[in-house]
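Enquirer: Structure in structure tokens, see below.
Only the coordinates and a few stated rules stand behind these numbers; no lab work does. This one's a predicted model, so the numbers in the text were calculated from it and none came from an experiment. Please note: Cβ atoms are built from the backbone with ideal geometry, for glycine as well, and neighbour counts cover all protein chains shown.
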């Protein structure tokens, strides 16, 4: 059905130049197609990766001027000039991104605004290159009818490549970074570099559209590349609906046609325009396409799928004697005046489960954060398999084979359950970007593998029925489970679990117990388990470490620790069964 | 020329700072901002002009009207464009405030007219000449009033009950609500104050810039830049950034060229953010994991 | 992907509906009136200019319609579109006015860049353009054959010739400092002034620029002063021109200033008070002083229709004056062509018969194949501000 919709749209677009010679309509059609291309590119940055830009008119300008200069002074044919424009915009885009993407939110918005204004200023001042305020003339043009086909086809290409991207490991990686930067890092992805890539891709699309703009009008001047234009680009995407493929089409069409429908109102036009925008922001917070797309009901896992056998989970060497995988030596962590960890020394054996217990605020999560690289200790060493890890970024440590779950499950809400696992499977190995954009056979093969493998793992953990549901629709207990499946998908040597049993029903706790036991016995990764559920801890662990106020007050076999007076005093209270 | 550049730089810079404090106040209380703040600047000038010159009211009465009108404008922005999104945790307030700005500018065009009008002031009639260059007494008055107002805002924030409520909401809106603080109302008063500051800036600048529906847009934008490089959560940072930015703009235009003014100014903004991502006064952002 | 079916069809329906309304607009249009288009800045910072041009056209149109219209009783009708000062928008509305509204002739607005972007469109769509303001030289001297762009307004090249002659021959000054706005208009004049001053063996001692909405031009003036300028040639619109004059007073530099026409409108006098006294500038027309019959009628119509109290209340007067004469010339051309077909009207304009006693001057064969500007430096007047009024200045 959806395919019929796209086909109909393609027919209409192709038919337009054939049914009318009215250059006004043809011009509008071309302008709409250009806006669709820009919105599609911006979607990669805003929709997929969750960043913002109010400076993309700057890339539009770079594309337009590069193409114009290449065609007029350089004498290049139009297609070559367009490629030059895309390249120029991409290069500048990556440089700007490297600087801009160290910040987020309004700070990022400001950097992009500043970039756009600087480009505008340079266009006006650098007269010898850009022609100054008067602009560049006599840029070669295509006849309008033929031009319409060309840009409509290119708009289709833009939409198709972004759809391919969305379906690929790159697309999932972008959405992962958007959904939870922290979780993405824990799976080996580098948010900074991914954002730069998304920004560069969006800049390239916008630059290409800019070149086409120059060839549509035959004349360009700085007045077309203002902050208002950047706002219009963003508005088109947000109105249409971010993170959808149809969104840029709706946004491009409506925001090109709407002002034309209002032209008869002269003085009141902009007031009405503002009002319409305001109303659409109220009523269509997810854009038009977002509002029209309905969620499917979430299937519940069937009874009997509760026993998680953990098959298909990665196997580490089976039956090897335990040896130290991870060692902390005199690790101290301070936040301002507070000492969260004080001179902690601990060795984690592999295979085996090490539990870390203690009262709230004792530093347990801080310990996990140090192990996974999110916090940097003020003193001490951490070694993983003999390799020092202090100072390494979380994603680098993840790539060494450390996976983790979080106190509040950090799922990639906009991705499906299966795709969450697929992110774990792929980790930093995203494949070739161009392959992803073009949907090449190699990429498609990888996709089929991810599809099959993620479902296999979900089946093994009883989540198969939810595989295609969006992750943020899962119930609490299942969220934890998914997080664990995803973490295991990276094939780690060490799995860090932060209060996995918190908030679970007794039945679910039993299932968790069984799953972790199977993992340990079946040759799974070494585990560090932060927990409050004492039954679980005592039953599962090979070693228990007790933290209180940042200091390690006891360490040893579960039974010994349970009897330790210091531990009872600090944490356990009366003797437990 | 140096003295003149310093004076006009401080004048404009202090106004950027004043308007930027408006961004700061709403940001710290609600993590939202009024992207039509520039239009509030314009509204301040336009309303005062309408009463003072149009209707012939005495200046104090016109100013009171302006303060009331702008407080209302701020509350309207909050209620119509921000509250629905702030409560839902959605970033759509960015675009809705922009949309509101478009409406405000065009309403002003319809009612006030499209061309610039002069705002009469005794302090811009005769310049003070100093060594071949000159400045208006108004340009001296502006930074003084501006700094005084900024100090007043700081006092309000740190020493009054209102300020305490804002701080509570800034730290944790949910907890503040549970403690009995009317969170939406606190945010609304923050917006009212923010618009007031912008309006005052508009009136102070009107004799120098002339009153027109488009007078505020670029000021709003530069004030946003100042708020960012000062650090959105740091009022002292913003005040310093405002003065600094105004001075740098003035010197670049004076000694280099006006064309370079925006380019250099905004390049500096990017530079500051690359070096200190939280702004000059902001703490480096630590992540809670 | 299946989820998209429903939204997709909705989208398709929506855009088809939108297109349908656009198309319907064509069919619903009546055949009777002759439409004249106006593509100008109706919003934004230059909106006053668009308003002024609209008034000039409308008043002239009312006069023509009162006498029975054109082509045997067809009334003229004005259709306005906003170019927002944006060249791409200007191209869109140019096409809309011709293709959808079927305008016979389209009038232009203030922005030179918009007019330049539209030049190839008029040739492509075979519709005459009548400029009422934008003075960029290349708008009418655009190398197109056939040339569809006409203008009743200033032409920068002529203006620069006029100003240079005044500065060198009349004022007898030899060290001009140029102060120009940093736009295409400023650029056009930089070239023109360089050329015409050069013909008189004079070179500017300094060329300074400023941006729209700049509040203070004292640094530029100080630099010109330092370079030894003995007079300043200004190219600015009213708000910036006012700031220039105020800056000049601020730094206490009593240097003679001659200006392009921008400072005539937008309440320049109000913005500058007595500081504007003595600033000399070029105009195509002035509503101050003794008015001819047309001038009196025009002022009366402005008063009745738009509540304009007197000449000092006329905002952006050159737009009104130029557009007024332009419309009358267009009406005469349509009548002479005997049709609303673009090429025929164009030819009629180029070979206009008879005499039109207009507002600005008496027009006899105003256009020809080589000349698409109805006004040349021979028609310009030099005026000066004095006490909030514009008074003529001798150019001999």
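Enquirer: Expressed as a whole number of Å, what is the distance separating the alpha-carbon centroids of segment B:221-255 and segment A:183-260?
Expert: Measuring centre to centre over Cα atoms gives 29 Å.
Enquirer: What ranking, highest mean first, results for peptides A:408-416, A:4-12, B:269-277 when packing means the other Cβ atoms within 10 Å averaged over each residue? Could you put the intermediate results ahead of the total?
Expert: Numbers: A:408-416: 20.4, A:4-12: 14.9, B:269-277: 18.2.
Order by mean packing, descending: A:408-416, B:269-277, A:4-12.
Enquirer: A further question on this structure: State the Cα centre-to-centre distance between segment C:320-394 and segment A:332-384 in whole Å.
Expert: Here the answer is 86 Å between Cα centres.
Enquirer: OK, next. For chain B, list log₁₀ I(q)/I(0) at each q in 0.10, 0.17 Å⁻¹, using the Debye formula over Cα point scatterers of equal strength and ignoring solvent, two decimals each.
Expert: Normalising to I(0) and taking log10 leaves -0.52, -1.46.
Enquirer: Let me know the mean shielding of A:235-248 by other chains, meaning the per-residue number of their Cβ atoms within 10 Å of its Cβ.
Expert: Numbers: counts 3, 0, 0, 4, 1, 1, 1, 0, 0, 3, 3, 6, 2, 0.
The per-residue average across the peptide is 2.
Enquirer: Between segment B:103-158 and segment A:424-446, what is the separation of their alpha carbon centroids in Å?
Expert: Using only Cα atoms, the two centres lie 59 Å from each other.
Enquirer: Normalized C-alpha radius of gyration of segment A:518-566, against 2.2 N^0.38 Å? If you can, show how the numbers build up before the last one.
Expert: Numbers: Rg = 11.8 Å, N = 49, 2.2 N^0.38 = 9.7 Å.
Expressed relative to 2.2 N^0.38 Å, the Cα Rg reads 1.22.
Enquirer: Share of Cα-Cα pairs in segment B:66-146 beyond 22 Å, in percent? Could the numbers behind the result be given before it?
Expert: Working: 1755 of 3240 pairs.
More than 22 Å apart: 54 percent of the Cα pairs in segment B:66-146.
Enquirer: Next question. As a test of understanding, state the convex hull volume per residue of segment A:41-288 from its alpha carbons, in Å³. Provide the component values of the computation, followed by the final result.
Expert: Numbers: hull volume 33.0 nm³, N = 248.
Here the figure is 133 Å³ per residue.
Enquirer: Separate question: Rg and Dmax of segment C:94-200 over Cα atoms: what are they, in angstrom?
Expert: Rg and Dmax of segment C:94-200, Cα atoms, are 16.2, 54 Å.
Enquirer: Within 10 Å of each Cβ in peptide A:24-33, how many partner chain Cβ atoms are there on average? Round it to a whole number, please.
Expert: Details: counts 13, 8, 2, 8, 5, 1, 0, 4, 1, 0.
Neighbouring Cβ atoms belonging to other protein chains average 4 per residue here.
Enquirer: I would also like to ask the following. Only helical DSSP H runs with n ≥ 4 go in: add -39500 (n - 2.57) per run for chain A, normalise by residue count and round the 222 nm mean residue ellipticity to 500 deg cm²/dmol. Kindly include the intermediate steps, with their values, before the conclusion.
Expert: On the way: 23 runs with 315 residues, N = 577.
Taken over chain A, the calculation gives -17500 deg cm²/dmol.
Enquirer: When N is the residue count of segment C:158-290, what does its C-alpha Rg come to as a fraction of 2.2 N^0.38 Å?
Expert: Details: Rg = 13.6 Å, N = 133, 2.2 N^0.38 = 14.1 Å.
Compactness ratio reported: 0.97.
Enquirer: Here is a further query. Placing one identical point scatterer on every Cα of segment A:215-280 and ignoring solvent, what is log10 I(q)/I(0) from the Debye formula at q = 0.14, 0.20 Å⁻¹?
Expert: -0.50, -0.95
Enquirer: Over all directions, the average projected area of the alpha-carbon convex hull for the protein assembly as shown comes to how many nm²? Each step should come with its number before you reach the end.
Expert: Working: hull surface 202.2 nm².
Mean orientational projected area (the protein assembly as shown, Cα hull): 50.5 nm².
Enquirer: For segment A:441-554, what D do you get in µm² per second when you plug the Kirkwood radius from alpha-carbon pairs into Stokes-Einstein at 25 °C and 0.890 mPa s? Numbers along the way, then the final one.
Expert: Numbers: Rh = 15.8 Å.
The estimated diffusion coefficient comes to 155 µm²/s.
Enquirer: While we're looking at this one, here's another question. Connecting C-alpha atoms closer than 10 Å in a GNM of chain C, tell me which of C:295, C:73, C:131 has the biggest fluctuation.
Expert: Comparing C:295, C:73, C:131 in the GNM, the peak value goes to C:73.
Enquirer: If you split all Cα-Cα distances of chain C into 10 Å bins from zero, what percentages do you get per bin, shortest first?
Expert: 5, 23, 31, 22, 11, 5, 2, 0, 0
Enquirer: For a quick protection proxy, order the peptides A:373-381, A:419-427 by their average other-Cβ count within 10 Å, most packed first.
Expert: On the way: A:373-381: 17.3, A:419-427: 25.9.
Sorting A:373-381, A:419-427 by mean packing, highest first, produces A:419-427, A:373-381.
Enquirer: Let me ask you something else. Relative to 2.2 N^0.38 Å, what does the C-alpha radius of gyration of segment B:140-289 come to as a ratio? Two decimals please.
Expert: On the way: Rg = 17.5 Å, N = 150, 2.2 N^0.38 = 14.8 Å.
Here the answer is 1.19, to two decimals.
Enquirer: Using mean Cβ contacts within 10 Å as the protection proxy, how do A:540-552, B:254-266 order, highest first? Before the final figure, lay out each step's value.
Expert: Working: A:540-552: 21.5, B:254-266: 19.6.
Ranking the peptides A:540-552, B:254-266 by packing returns A:540-552, B:254-266.
Enquirer: Give me the base-10 log of I(q)/I(0) for segment A:378-511 at each q in 0.09, 0.12 Å⁻¹, Debye formula, one uniform scatterer per Cα, rounded to two decimals.
Expert: So the normalised log intensities are -0.31, -0.55.
Enquirer: Just the projected area, averaged over all directions, of the convex hull on the alpha carbon atoms of segment A:163-207: how many nm²? Before the final figure, lay out the partial values.
Expert: On the way: hull surface 12.3 nm².
Over all viewing directions, segment A:163-207 projects a mean Cα-hull area of 3.1 nm².
Enquirer: In addition: Quick one, what does Rg over Rh come out to for segment B:148-226 if you take C-alpha atoms and the Kirkwood Rh?
Expert: Numbers: Rg = 15.7 Å, Rh = 14.4 Å.
My calculation of the ratio gives 1.09.
Enquirer: Please compute the average number of Cβ atoms from other chains found within 10 Å of each residue's Cβ in peptide C:202-213. Kindly include the intermediate steps, with their values, before the conclusion.
Expert: Working: counts 0, 0, 0, 0, 0, 0, 2, 7, 4, 8, 2, 9.
If you average over the peptide's residues, the count of other-chain Cβ atoms is 3.
Enquirer: When you take every Cα atom in chain A, what is the radius of gyration, and what is Dmax, the widest Cα pair distance, in Å?
Expert: 28.0, 91
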